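> This is the structure I want to talk about, given as structure tokens.
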Amino acid sequence: MTGPEASGAARPGLERHGAVQPDATSQEIYDGGMVVRREVLGAAHVDRANANKDSFTEDFQDMITRIAWGGIWTRPGLTRQMRSAVTITAMVAHGHWEELAMHIRAAITNGLSRDEIKEILLQTAIYCGVPSANTAFKTAQQVFREMDKAAMDNTAVDAATPPN
């Protein structure tokens with residue numbers, strides 16, 4: 001959603017419900033979810049997920065866009081940073097390591113610092129268990145290495161590119 005719809009000016013209650021208004025169409029919820037999904041996970045990730053969907057996974061991709069991203073992530077009750085913190089904790093609690101890696105990247109995109117992510121993972125050690133937190137720290141460490149390498153590679157390319 002963009003324009004007045006995204007700000008809540010055109011629809012009373014948007015400030016309370018996000019994209020899921022009582023009169024919202026399934027398409028409006030999907031579109032709102034897709035906007036947030038792209039902002040949080042990055043267009044490249046979402047494009048890959050959509051490119052890889054087939055008749056077997058299409059309904060699942062539609063469901064997570066509408067329900068998770070359109071129904072929950074568009075709600076204004078929590079900041080995106082808080083939603084990332086909760087999501088990271090849930091991924092650790094359930095041992096979803098690939099999803100954890102994706103959501104650590106998303107947390108950085110959403111404005112959490114590496115130190116804040118470290119504090120979230122320390123908190124999970126108490127409430128989710130030390131072995132799970134151990135794996136989470138290893139996962140985060142790998143994500144940060146990949147991010148740093150990509151940043152260094154981009155810096156090297158920028159430095160090697162002659163000015164126009």
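The values are calculated or read from the model by the stated rules, or taken from the named source; none is laboratory data. If you're wondering where the values come from, they're calculated on a predicted model, not measured in any experiment. When we count neighbours, we look across all protein chains shown, and the Cβ atoms used for this are built from the backbone with ideal geometry, even at glycine. What goes into the accessible areas is simple: the full protein's heavy atoms, side chains included, and nothing from ligands, DNA or RNA. Shrake-Rupley method; radii C 1.70, N 1.55, O 1.52, S 1.80 Å.
> Suppose R0 equals 45 Å. What FRET efficiency, 1/(1 + (r/R0)^6) with r the Cβ-Cβ distance, do Glu99 and Thr161 give to the nearest 0.05?
0.80
> With a probe of 1.4 Å, find how much accessible area the chain has per residue, and write the answer as a whole number in Å².
Result: 61 Å² of accessible area for each residue.
> What is the Cα coordinate range of segment 39-97 on the first, second and third principal axes, sorted by size from largest, in whole angstrom?
Dimensions of segment 39-97 along the principal axes of its Cα atoms: 33, 27, 20 Å.
> Taking a cut-off of 28 Å between Cα atoms, list the lysines near Lys149, but don't count ones fewer than 8 places away on the same chain.
Cα-Cα hits under 28 Å: Lys118, Lys138.
> If you take the beta carbon distance between Arg38 and Ser113 as r and set R0 to 22 Å, what does 1/(1 + (r/R0)^6) give as a FRET efficiency, to the nearest 0.05?
0.45
> At 1.4 Å probe size, with the rest of the protein present, what percent of the exposed accessible area of segment 14-116 is carbon and sulfur atoms?
Solvent-exposed carbon and sulfur of segment 14-116 make up 55 percent of the total.
> What is the dipole size for the chain, taken about its Cα centre, with +1 at each Lys and Arg Cβ and -1 at each Asp and Glu Cβ, in debye to the nearest 20?
It comes to approximately 380 debye.
> Restricting things to alpha carbons, tell me how big segment 64-157 is in terms of Rg and Dmax, in Å.
Taking only Cα atoms of segment 64-157, I get Rg and Dmax of 13.9, 43 Å.
> Just flag the chymotrypsin sites (Phe, Trp or Tyr not before Pro) in segment 26-127 sitting in loop per DSSP whose Cβ has no more than 12 other Cβ atoms within 10 Å.
Of the chymotrypsin sites (Phe, Trp or Tyr not before Pro), the ones in loops of segment 26-127 whose Cβ has at most 12 other Cβ atoms within 10 Å are Phe56.
> Please give the length that would be gained between Asp59 and Gln142 if that part of the chain were fully extended, namely 0.36 nm times their separation in residues minus their C-alpha to C-alpha distance (nm, one decimal).
26.7 nm
> Let me ask something else. Using only C-alpha atoms and all pairs of different ones, pull out the Kirkwood radius for the chain in Å with one decimal.
Radius from the Kirkwood sum: 17.5 Å.
> Continuing with this model, one more query. Based on DSSP H runs of at least 4 residues, each adding -39500 (n - 2.57), what is the mean residue ellipticity at 222 nm of the chain after dividing by all its residues, to the nearest 500 deg cm²/dmol?
Per the formula, -21500 deg cm²/dmol.
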